[in-house]
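Colleague: Handing you a structure now.
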Amino acid sequence: MQLNLTGHHVAVFGSSSGIGRAIATAFASEGCRVRGFDRAAPAEAVPFETTVGDVTALPQVRAFATGFPVIDHVVFSVGAGSGKFGFPFWNLEPGDWARVLEINLIGAVNAAHAFAPGLVARGAGSVLLVASVAGQMGSQTDPPYSAAKAGLINFMQCAAKDFAPHGVRVNALSPGMVQTPLNQAVWAAGQKLLPEAQRQTYADWAQGKIRKVSPLGRWQTPEECAAMAVFLASHHARNITGQTLNVDGGQVMHA
């Protein structure tokens, strides 16, 4: 399948690690001109340049956007949890919510606002917001994160309707179980609440978790999410907008 993305200009938020880095790398491999934005530079060499900044700081995001001569595709792949185990929800404090919502949801709103003028002026392009299956099924592991990703999916639908008359498509990608630093943080937070004798290694916990939640019984990978992201930016997806695409091994169906 020819994606015909060579020369397209792509902005990827959250590009230094995990799913975001895989997405930025996949676009670069298709011949795109990719620029990433993250709170830290990548720990290893990547085939794109990175601007270090904070997605919750609108002036920084707008400055990043002005650096593009034209913009074809924007990907927001930023995820941050509370750092605590949220079941039951009163294990957390109300004060634990604000930063999670600000990063996951308001950060995406900032990105959309910053790039909207360029996308509208061009009259074409796409926006992809990386959400989570947690935003579709009320995952109890981290309620602030689940609520933020649910809000992100709803914002995607609003943005898709607004952008449609201008030829710009907006979709959400919902990964399931992916071995990323965020997933490992969920494991670590849960283990702290268990007696020493009941604690598991990350490998053992992960294996049991996958058997429990995934009908296909296997982890999803950043590269699989990246393949979907690149496809959604291509002309093959020209009639796909306002949708949430799950790369989750059937987890939402199972839930």
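Colleague: Scan segment 1-30 residue by residue and report those that are modelled with pLDDT of 95 or more, at positive phi and of a type outside the set (S, T, N, Q).
Modeller: The answer is G7, G14.
Conditions tested, residue by residue: (1) more than 21 Å from the chain's Cα centre (by Cα); (2) of a type outside the set (A, V, I, L, M, F, W, C); (3) outside any helix (DSSP H, G or I); (4) under 27 Å from G14 (Cα atoms).
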| position | (1), (2), (3), (4) |
| --- | --- |
| Q200 | yes, yes, yes, no |
| W205 | yes, no, no, yes |
| G208 | yes, yes, no, no |
| R211 | yes, yes, no, no |
| R218 | no, yes, yes, yes |
| C225 | no, no, no, yes |
| M228 | no, no, no, yes |
| T241 | no, yes, yes, yes |
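Colleague: Then there is this: Does A131 qualify as being in contact with a strand residue (DSSP E or B) (Cβ under 7 Å, 6 or more places away or on another chain), within 28 Å of W219 (Cβ to Cβ) and buried (at least 18 other Cβ atoms within 10 Å of the Cβ)?
Modeller: It is true that A131 is in contact with a strand residue (DSSP E or B) (Cβ under 7 Å, 6 or more places away or on another chain), within 28 Å of W219 (Cβ to Cβ) and buried (at least 18 other Cβ atoms within 10 Å of the Cβ).
Colleague: Could you list, in sequence order, the residues of segment 110-154 that are without any contact (Cβ under 8 Å) to a residue 60 or more places away in the chain and either closer than 18 Å to P69 by Cβ or of a type in the set (D, E) (or both)?
Modeller: Passing the criteria: A114, A116, P117, G118, L119, V120, A121, R122, G123, A124, G125.
Colleague: Give V75, V52, V61, V46 a once-over and let me know the one that is in contact (Cβ under 8 Å) with a residue 12 or more places away in the chain and surrounded by fewer than 17 Cβ atoms within 10 Å (Cβ to Cβ).
Modeller: V52
Colleague: Next question. Being in a helix (DSSP H, G or I) and surrounded by fewer than 17 Cβ atoms within 10 Å (Cβ to Cβ) narrows it down to one residue among G95, G7, G20, G31; which is it?
Modeller: Among G95, G7, G20, G31, only G95 is in a helix (DSSP H, G or I) and surrounded by fewer than 17 Cβ atoms within 10 Å (Cβ to Cβ).
Colleague: Residue check, G83 against (1) at pLDDT below 95; (2) in a loop (DSSP other than H, G, I, E, B); (3) at negative phi, all met but one. Which one?
Modeller: Condition (3) is where G83 drops out.
Colleague: Something else now. From the residues in segment 190-239 that are closer than 17 Å to N171 by Cβ and free of Cβ contacts under 8 Å to residues at least 40 places away in the same chain, which one is surrounded by the most Cβ atoms within 10 Å (Cβ to Cβ)?
Modeller: The extreme case among them is E224.
Colleague: Of everything in segment 49-75, what is farther than 27 Å from G167 by Cα and either in a loop (DSSP other than H, G, I, E, B) or at pLDDT below 95 (or both)? Give them in sequence order.
Modeller: Once the filter is applied, which keeps residues that are farther than 27 Å from G167 by Cα and either in a loop (DSSP other than H, G, I, E, B) or at pLDDT below 95 (or both), segment 49-75 yields G53, D54, T56, A57.
Colleague: Suppose we filter segment 134-146 for residues that are assigned to a helix (DSSP H, G or I) and surrounded by fewer than 20 Cβ atoms within 10 Å (Cβ to Cβ); how many remain?
Modeller: Result for segment 134-146: 1.
Colleague: Only residues that are free of Cβ contacts under 8 Å to residues at least 60 places away in the same chain, crowded, with 19+ Cβ neighbours inside 10 Å and not in a helix (DSSP H, G or I): list them for segment 155-189, please.
Modeller: Result: V168, single match.
Colleague: Return the residue satisfying two criteria in turn: it lies in segment 211-255 and is β-branched (V, I, T) and touching a Leu at 6+ places or on another chain (Cβ under 9 Å), and of such residues it is farthest from V127 (Cα to Cα).
Modeller: Within segment 211-255, the match that is farthest from V127 (Cα to Cα) is V247.
The values are calculated or read from the model by the stated rules, or taken from the named source; none is laboratory data. Just so you know, these numbers come straight off a predicted model, no measurement behind them. FYI the Cβ positions are ideal-geometry reconstructions off the backbone, even for glycines, and counts take in every protein chain you see.
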